[in-house]
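**Q** Pasting in a structure now, in structure tokens, and then I'll have a few things to ask.
Only the coordinates and a few stated rules stand behind these numbers; no lab work does. As the structure is a prediction and not an experimental result, all values here were calculated from the model. All Cβ positions, even for glycine, are placed from backbone atoms using ideal geometry, and neighbour counts span all protein chains on display.
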Amino acid sequence: MYKLVIVDDDEWIREGMRRNIPWEREKIQVVGVAEDGKMAWDLIQKVKPDILLSDIQMPFMNGLQLAETIKAHGLDTKVIFLTGYDDFSFAKQALQLQASDYILKYEDNNKILQSVVNAANRLHTERKVVLKEKKSQGLIINQFFSDLIAGVGNDDTIERDSQLLEVSFCGNTFAMGSIDMGSVTRYLKPNKPEDMELLLFSMKNLCTEVIESEEIENCQVQVIQYNHRINLLFNFTEAISDDWRLVVERVSRTMIESINQYLKITVNIGVGSFGEGFRHIALSYEEALIALQMKGIFATQDVIFTDQVKQSNSSHHAIIKIITDYIDVHYANEDLDLKEVAEKVHITPSYVSTLFKKYNDVNFSDYVIRVRMKKAKELLIHSTLKAYEIAESVGYPNTQYFSVTFKKYTGLTPMEYRQNHRQ
């Protein structure tokens, strides 16, 4: 239904239009009438009509002034002018005000109705275009922030694009937060990706509502859908200093409570470090993901800061365990590499490599070979599989390469190893 307000200082005309024209048939609802422009403006602010059918010659505020007021306040209400005078000067002013139509008030009711229906149709089309543009603008802005998280661009291109998109920053210091939905993804149907999109959409809207309702001093927060997650970019003014953690924790906890209340989902938020410059955003995001990997260790906390993880040796051992457990399960995959494992645990390949060397005294690739050779030795001793079958089962489709690697590792060929250990 489209809402219509009728304004005319002649009660007979005003009421006659309201009662005698079959508005409901065309899905038009008369939500109010007024006898002058001033009363009409008060009514318009209250009921926010889609269409205004207004006389031009009225006391206190005429129809043209009323239309100017509507336009000045940015309302998309369609205005149709009524007049008892076939006056082209009025018609000219009506056109300048982008009036939807200009008709004589004594026209046939069907013509008046059709004019209102035409205005409703134009409004419907225009609103669809505006909605599409808003969605497109939202996607473009989300991509802009996604690029910041991914470390794309330099200060000059970021400054240029932010001006084009009318995106402003309140300061030069940033921290990233990332929301983890835990096991909720297990309950989503794998063949229905739209379910996940709907969940992320709902979560993003909730987080945005929290930001709009909260009084957040010295900080702006952007909600960004990236990496199949909802993420938070905290941008601070220079005045925030050491209080940034308090701000982040308060906002994060409010979001967690809102998500739990309305979506019935328990989530955690990992938070990266606080630092200067756009380049810090990507680093802080990586740290936020690492913090989320440690939620098992910090089980009593729903907001986990990266500095807590860095201060805990047990957290590093937990990361190593996650990685080694993954290798122990997927060693048979011939494409298993540092990049794949890093993606699975949401940290960079370089960080995985550093942790391996620090805590395992072996690099990643050597560890994978160790696991594969251990499994190959077990199969050579305890199974009747042929060499090529064992090779394939431990991630080596090339039997010759497997044999060379096995001999380099054990000093024996696979067959020699089998014979020596079965005697």
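**Q** Looking at (i) 222; (ii) 190; (iii) 297, which value of volume of the Cα convex hull per residue in Å³ comes from a calculation on the structure shown?
**A** Working out volume of the Cα convex hull per residue in Å³ from the coordinates points to (i).
**Q** If contacts are Cα pairs under 8 angstrom and at least 6 residues apart, what is the relative contact order of the chain in percent?
**A** On the way: 578 pairs, mean separation 39.9, N = 423.
Relative contact order, the chain: 9 percent.
**Q** If r is the Cβ-Cβ distance from Q400 to E334 and R0 is 25 Å, what FRET efficiency results, to the nearest 0.05?
**A** Calculated transfer efficiency: 0.95.
**Q** Here's another thing I want to ask about it. Mind giving me the FRET efficiency for T266 and L200? R0 is 22 Å, r the Cβ-Cβ distance, nearest 0.05 is fine.
**A** On the way: r = 16 Å, r/R0 = 0.74.
The computed FRET efficiency comes out at 0.85.
**Q** Same structure, new question: Output the antiparallel fraction of DSSP beta bridges having both residues in the chain, as a percent to the nearest 5.
**A** Here the antiparallel bridges make up roughly 50 percent for the chain.
**Q** Relative to the longest principal Cα axis of the chain, at what angle does helix 313-330 sit, 0 to 90 degrees, rounded to 10?
**A** The answer is roughly 80 degrees.
**Q** With only Lys, Arg, Asp and Glu charged, each at its Cβ (+1 for the first two, -1 for the last two), find how big the charge dipole of segment 169-311 is about the Cα centre; round to the nearest 20 debye.
**A** The dipole of segment 169-311 has a size of about 680 debye.
**Q** Still on this model: Please go through the residue pairs K264/K295; K134/K204; K78/K132 and name each one whose alpha carbons sit more than 23 Å apart in this structure.
**A** Distance filter (> 23 Å) returns an empty set.
**Q** Can you give me the angle between helix 11-20 and the longest principal axis of the chain, using Cα atoms only, in degrees from 0 to 90, rounded to the nearest 10?
**A** The two axes meet at around 50 degrees.
**Q** For the pair R370 and E166, what calculated FRET efficiency results from E = 1/(1 + (r/R0)^6), where r is the Cβ-Cβ distance and R0 = 60 Å, to the nearest 0.05?
**A** Efficiency for this residue pair is about 0.65.
**Q** Could you check the spin-label model distance between E378 and K71? Points 7 Å from the Cα along Cα→Cβ, value in nm.
**A** The answer from the label model is 8.0 nm.
**Q** How much net charge surrounds E126 when only other residues with a Cβ under 12 Å from its Cβ are counted (Lys, Arg +1; Asp, Glu -1)?
**A** Around E126, the surrounding residues sum to +2.
**Q** How many nm is it between the label spots at I140 and I13, if each spot is 7 Å from the Cα in line with the beta carbon?
**A** Going from the I140 label point to the I13 one covers 4.5 nm.
**Q** Sorted by packing (mean other beta-carbon atoms within 10 Å per residue), highest first, where do 36-42, 407-413 land? Before the final figure, lay out each step's value.
**A** Details: 36-42: 19.4, 407-413: 13.6.
By packing density, highest mean first, the sequence is 36-42, 407-413.
**Q** What does the charge add up to near H330, with Lys and Arg as +1, Asp and Glu as -1, over the other residues with Cβ less than 14 Å from its Cβ? Walk me through the numbers on the way to the answer.
**A** Numbers: positive: K339, K344, R372, K375; negative: D325, D328, E334, D335, D337, E340, E343.
Value of the local net charge: -3.
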